[in-house]
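Sharing a structure below in structure tokens format, with a few things to ask.
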């Protein structure tokens, strides 16, 4: 009989070792996660592999409403918009797909416009065009849909974007395949990602000059800048700025509030995105 060996003497892949460990047949997800963490602690897999496996197990517990882009932040086009009106929005956002809404009903999505389908129009002198001729079918999901089902739907429909609807059939937001996959593999950045500093809401870019995400909670803004803005009516610094202007300001417009000068660095036709904050000059 051959001499016995310890498990450490015979090299095995981390996958085969986990398979051996699972022969104990864990009865709950918590037991399974415990086995995975034990395998990682023994060096049978790296931290990234552990994270992906745990995230994959947990993705079925999460719903679309947790990761969707809310309606207020959607970059959408109205069916009666002229090319010269929405083309700058398309270029500035750097997105590849845009929901197109009915001119007389903002809760009716007519389809999805692919930016690449409009490339040939750049060589043509057109004031108006029939957007319906360029639309792809829209894919709808309830906001209660679980992410594992969403990913399967994306794959079966060969789609990368879904319109999220609420219980009344209205538009709650949108979600992309990238949004769903990021719940498993982490943030997927590309050269067009805007504000890709993860969870950093306020960043000092020069002495006494900060770039602030417009969706920064008022409490966080107040704590950082020593301001006393009220959050009874609005939740974010964007709300404070919009109330002060009493309209949607454009890029490079400024306003002075308390001891600070706030300048719009990035905005689209529907919302603010980035602000510059610096002390008042007087």
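The values are calculated or read from the model by the stated rules, or taken from the named source; none is laboratory data. Given the structure is predicted, the values throughout are model-derived calculations rather than measurements. FYI the Cβ positions are ideal-geometry reconstructions off the backbone, even for glycines, and counts take in every protein chain you see.
Can you say whether residue 110 is within 21 Å of residue 174 (Cβ to Cβ) and modelled with pLDDT of 85 or more, as far as the supplied structure shows?
Yes, satisfied.
Out of everything in segment 250-259 that is at pLDDT 90 or above and in a loop (DSSP other than H, G, I, E, B), what residue ends up being nearest to residue 92 (Cα to Cα)?
Per the criteria, the residue is 253.
Return the pair list, or none, for Cβ contacts closer than 9 Å from residues in segment 140-169 that are loosely packed, with under 11 Cβ neighbours inside 10 Å to residues that are assigned to a helix (DSSP H, G or I), at least 6 apart or on different chains.
155/177
Let's see how each residue does on (1) surrounded by 15 or more Cβ atoms within 10 Å (Cβ to Cβ); (2) assigned to a strand (DSSP E or B); (3) in contact with a helix residue (DSSP H, G or I) (Cβ under 7 Å, 6 or more places away or on another chain):
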{"residue": "205", "(1), (2), (3)": "no, yes, no"}
{"residue": "210", "(1), (2), (3)": "yes, yes, no"}
{"residue": "215", "(1), (2), (3)": "yes, no, yes"}
{"residue": "230", "(1), (2), (3)": "no, no, no"}
{"residue": "244", "(1), (2), (3)": "no, no, no"}
{"residue": "248", "(1), (2), (3)": "yes, no, yes"}
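Now for a separate question. Quick one: which residue in 141, 175, 100 is under 26 Å from residue 216 (Cα atoms), outside the structural domain of residue 238 (by TED's automatic domain parsing) and touching a helix residue (DSSP H, G or I) at 6+ places or on another chain (Cβ under 7 Å)? Reasoning before the result, please.
Numbers: 141 fails: under 26 Å from residue 216 (Cα atoms); 100 fails: under 26 Å from residue 216 (Cα atoms).
Checking each option against the conditions leaves just 175.
Counting only residues that are over 15 Å from residue 134 (Cβ atoms) and surrounded by 14 or more Cβ atoms within 10 Å (Cβ to Cβ), how many does segment 93-107 have?
Of the residues in segment 93-107, the ones over 15 Å from residue 134 (Cβ atoms) are 93-95, 102-107.
Now drop any that are not surrounded by 14 or more Cβ atoms within 10 Å (Cβ to Cβ), which leaves 93, 95.
Residues flagged as over 15 Å from residue 134 (Cβ atoms) and surrounded by 14 or more Cβ atoms within 10 Å (Cβ to Cβ) within segment 93-107 amount to 2.
Follow-up question, since we're still on this one. What's the total number of residues in segment 115-135 that are surrounded by 17 or more Cβ atoms within 10 Å (Cβ to Cβ) and either at pLDDT 80 or above or in contact with a helix residue (DSSP H, G or I) (Cβ under 7 Å, 6 or more places away or on another chain) (or both)?
From segment 115-135, those surrounded by 17 or more Cβ atoms within 10 Å (Cβ to Cβ) are 118, 131, 135; that's our starting set.
Filter again for either at pLDDT 80 or above or in contact with a helix residue (DSSP H, G or I) (Cβ under 7 Å, 6 or more places away or on another chain) (or both), leaving 118, 135.
Residues in segment 115-135 being surrounded by 17 or more Cβ atoms within 10 Å (Cβ to Cβ) and either at pLDDT 80 or above or in contact with a helix residue (DSSP H, G or I) (Cβ under 7 Å, 6 or more places away or on another chain) (or both): 2 in total.
Hey, another quick one. Tell me which of these residue 56 doesn't satisfy, since it passes every other one: (1) surrounded by 12 or more Cβ atoms within 10 Å (Cβ to Cβ); (2) more than 26 Å from residue 177 (Cα to Cα); (3) modelled with pLDDT of 70 or more.
In the conditions (1) surrounded by 12 or more Cβ atoms within 10 Å (Cβ to Cβ); (2) more than 26 Å from residue 177 (Cα to Cα); (3) modelled with pLDDT of 70 or more, residue 56 misses (2) alone.
Mind telling me which of the residues 226, 239 ends up being loosely packed, with under 15 Cβ neighbours inside 10 Å, at pLDDT 85 or above and not assigned by TED's automatic domain parsing to the domain that holds residue 136? Give the steps one after another, and end with the answer.
Working: 239 fails: loosely packed, with under 15 Cβ neighbours inside 10 Å.
Only one candidate qualifies: 226.
Which one is nearest to residue 53 (Cα to Cα) among residues in segment 26-40 that are at pLDDT below 70 and surrounded by 12 or more Cβ atoms within 10 Å (Cβ to Cβ)?
Once the filter is applied, the top-ranked residue is 29.
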